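What follows draws every value from the coordinates through simple rules; no lab data is involved. Since we're looking at a predicted model, the values are computed, not measured. Cβ coordinates were reconstructed from backbone atoms using ideal geometry, including for glycine residues, and neighbour counts include every protein chain displayed.
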Amino acid sequence: MVKLRNLLAVIVLSAGPAGACEIRDFLTTDLPAMAKLPWIGALELAYPGMEVSEDRQTLTLADGRKLPTGLGDVPLSPQERLEDANISEQFLQTYPLAFDLTRREEPWFDPGRARNEPFFRALYGDSKEEVAASLVTVTWPGKSKASFQLSDRTCAATQLQAALNAIAAPGPDMDVYFQTIGGSFNWRAIAGTTRLSGHSFGMAVDFNTDLGGYWRWSGAAEGAVGPYENRYPEVLVREMERHGFIWGGKWHHFDGMHFEYRPELILHARLTGNRAD
Ligand SMILES: [Zn+2]
């Protein structure tokens, strides 16, 4: 038994960019025939091994741990959801796949910004040390010497490397977006809150902070954020989305440098009929 357990540990440790992670294109991957609610289909497709029970109340992770989905809880306002979203509420706002920044003009339209913290602690690790143990360094292949540390527990690091390789492919020079980068893994609360940032879980990256734009730095009041002058090109955003990353430039509370590995939200958008073009 001990030997078997050791063997399993070796298998788990060797999973990584050269191991278990196959590069996935979330904009074109086949969608299952939908007998299930879109958010359930999206979760199960995004994170292999994850399963939601028939009564939709319990989510079981690949390793057998269980979490409540919260479906049927008393509805929260979008503002309250930011503090305390349950798993099903993370899908109440559909992430827009089109490169149309008018949706963000609607106050509190921030798809992906309301996170269920227990879900991400279960996926990525329950402490700084536990998350850090699964980090992989991802390198921008262009001129700037930018690198990022993301977790590969969900294949986020592998997907980011594939996205950066695609962004660096011949075409318009994208190097400027990888200068003065904001970073990646950082176990910390979101500025002005006690909520853990997506950066805590090794699933988020900030590219060029000078070009990014962040609502809190703009001096705007929460819930009444004005215009956002985007300086990130569609082709970069599209490659990130293709590889499973949502973009904070589509949020009312804009965070234009911020990309976060949320393949379930890209798939959910497609399963609800949202299109990129
Ligand atoms: Zn960020």
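Straight-line reach from LYS128: which lysines have a Cα under 25 Å away, not including same-chain ones fewer than 8 places off? Hits, sequence-local ones excluded: LYS66. By the rule of a C-alpha distance below 14 Å, with chain neighbours fewer than 8 residues away ignored, the aspartates and glutamates paired with LYS143 are ASP173, ASP175.
Highest GNM mean-square fluctuation among GLN159, GLN57, GLN149, for the chain modelled with Cα contacts below 10 Å: GLN57.
Which GluC sites (Glu not before Pro) in the stretch 197-244 pass both tests, a DSSP loop state and at most 10 other beta-carbon atoms within 10 Å? The qualifying sites are GLU229. Between amide H atoms placed 1.01 Å from N, distances below 5 Å from PHE185 occur with GLN149, all of them 5 or more places distant or on a separate chain. Sequentially through the stretch 51-65, phi angles give Karplus couplings (6.51, -1.76, 1.60; θ = phi - 60°) of 9, 9, 5, 3, 7, 6, 9, 10, 9, 10, 7, 4, 8, x, 5 Hz, Gly and Pro residues having no value and appearing as x. Largest GNM mean-square fluctuation among PRO172, PRO107, PRO233, using the chain with Cα springs under 10 Å: PRO172. Report note on the peptides 40-51, 73-84: ranked by the mean count of other C-beta atoms within 10 Å, highest first, their order is 40-51, 73-84.
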